[in-house]
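What follows is a set of notes on a single structure, which appears directly below.
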Amino acid sequence: MDIAQLADKVIAGDRRALSRAITLVESARADHRAQARVLLERLRGADKQAVRIGLSGTPGVGKSTFIESFGMMLTEQGLRVAVLAVDPSSARSGGSILGDKTRMERLSRNPNAFIRPSPSQSQLGGVARRTREAVAICEAAGFDAVLIETVGVGQSETVVAEMSDLFILLLAPAGGDELQGVKRGIMEMADIILVNKADGDLKPVAMRTCADYAGALRLLRKRPQDPEGFPKAMTVSAVEENGLDTAWEEMTTLVDWRRKQGFFDGRRAEQARYWFEEEVKSALLAKLQHGDARAALDALGEKVAAGERTPSAAAEDALLVLDRL
Ligand SMILES: Nc1nc2c(ncn2[C@@H]2O[C@H](COP(=O)(O)OP(=O)(O)O)[C@@H](O)[C@H]2O)c(=O)[nH]1
Ligand SMILES: [Mg+2]
């Protein structure tokens, strides 16, 4: 495969090249990894910048429906939209977005949209790297917005927030005064909370839920990367396509402000540093599983198990041994 040619085609907006490039970064084969690195290095030069939008929410809140309506609206404004997913559960289901394509019927047929299901990988770390690299490819291909969807389970929100410029939390209307068990850490990551399904009978409940979250957001510590009024909560209806244009206006307002203040590039620089360290950590962990390192750990582990060494003394020994390898 000619990687230079593939890179040129991606930059030129060739859809088949785009798919092939993403398939390449999804591959775990060593030769593919080497090619993927060359490709990403070449694409780094492309000076196009997309707005990377992370979107999280529990199953059933309407993520797929929202992406369909919101994505269609963006394409109607002349923008090109890519949709990616981080779904750690997709190892079992084989890529949840695929089944969701039925909910994204219009968008998946739209020439200005590109939808890619989550790679089937059991390890969140692996999915994260592949998705992050797919984001970079979509950006080089000139998409204006890249939506990264994730189901709200465990660590996946953090992973998505670390590859997004904006993090959007989608919520459903809820009765009662409990804040739907949204963890504080997730609330603190959100730039905009969208309470979906603000239509029909659910509208008053959605408005009350929105007010509750607006109040909760005001109680959080002020973040330097936010102008006055952010983070904010709003209501939308993905089905009736209400509030989507306002949501997009707020997103652009926030992004423009952050660009002017230097927070946009600053955050991307921090994220690049974060992913660099994550890659080093996972490579080191992988090294521990093989060869001399594995043998040394097994030998010391035996001693710990037999009560001949304490775990911490053996760990110190292990580090000395590993240093010499
Ligand atoms: N009333 C109403 N229902 C919605 C809205 N958005 C999604 N739904 C419904 O909620 C259900 C789950 O939607 P889906 O997009 O699959 O949610 P996901 O699991 O978060 O991707 C479906 O039955 C949708 O029709 C909305 O804006 N209003
Ligand atoms: Mg869905």
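The values are calculated or read from the model by the stated rules, or taken from the named source; none is laboratory data. All values derive from a computational prediction rather than experimental measurement. Backbone-built Cβ (ideal geometry, glycine too); neighbour counts: all protein chains shown.
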Search result, residues across the stretch 15-56 that are in a loop (DSSP other than H, G, I, E, B) and touching a residue at least 60 places away in the same chain (Cβ under 8 Å): ALA28, ARG44, ALA46, LYS48, GLN49, ALA50
Hey, GLU241 under 22 Å from the mean Cα position of the chain (by Cα), farther than 16 Å from VAL51 by Cβ and acidic (Asp, Glu) or not: no
ALA198 being touching a Cys at 6+ places or on another chain (Cβ under 8 Å) and either away from ligand 1 (no atom under 16 Å from the Cβ) or in a loop (DSSP other than H, G, I, E, B) (or both): yes
Any hit, the stretch 220-240, residues being part of a helix (DSSP H, G or I) and either in contact with a Ser or Thr (Cβ under 7 Å, 6 or more places away or on another chain) or surrounded by 12 or more Cβ atoms within 10 Å (Cβ to Cβ) (or both): no
The listed residue being part of a strand (DSSP E or B), β-branched (Val, Ile, Thr), touching a strand residue (DSSP E or B) at 6+ places or on another chain (Cβ under 7 Å) and within 16 Å of ligand 1 (Cβ to nearest atom), out of VAL61, VAL83: VAL83
Pair list, Cβ < 6 Å and 6+ apart or interchain, from the stretch 259-284 residues that are among the hydrophobic types (A, V, I, L, M, F, W, C) to residues that are in a helix (DSSP H, G or I): PHE264/ARG258
Residue match in the stretch 36-48 (condition: closer than 30 Å to ILE193 by Cβ and either in contact with a Gly (Cβ under 7 Å, 6 or more places away or on another chain) or surrounded by 15 or more Cβ atoms within 10 Å (Cβ to Cβ) (or both)): yes
Single unsatisfied condition, GLY71 versus (1) modelled with pLDDT of 95 or more; (2) away from ligand 2 (no atom under 16 Å from the Cβ); (3) in a helix (DSSP H, G or I): (2)
Qualifying positions in the stretch 195-238 - at positive phi and within 24 Å of the chain's Cα centre (by Cα): LYS197
Pairs with Cβ under 9 Å, 6+ apart, first in the stretch 58-79 and closer than 16 Å to PRO173 by Cβ and among the acidic types (Asp, Glu), second outside any helix (DSSP H, G or I) and within 13 Å of ligand 1 (Cβ to nearest atom): none
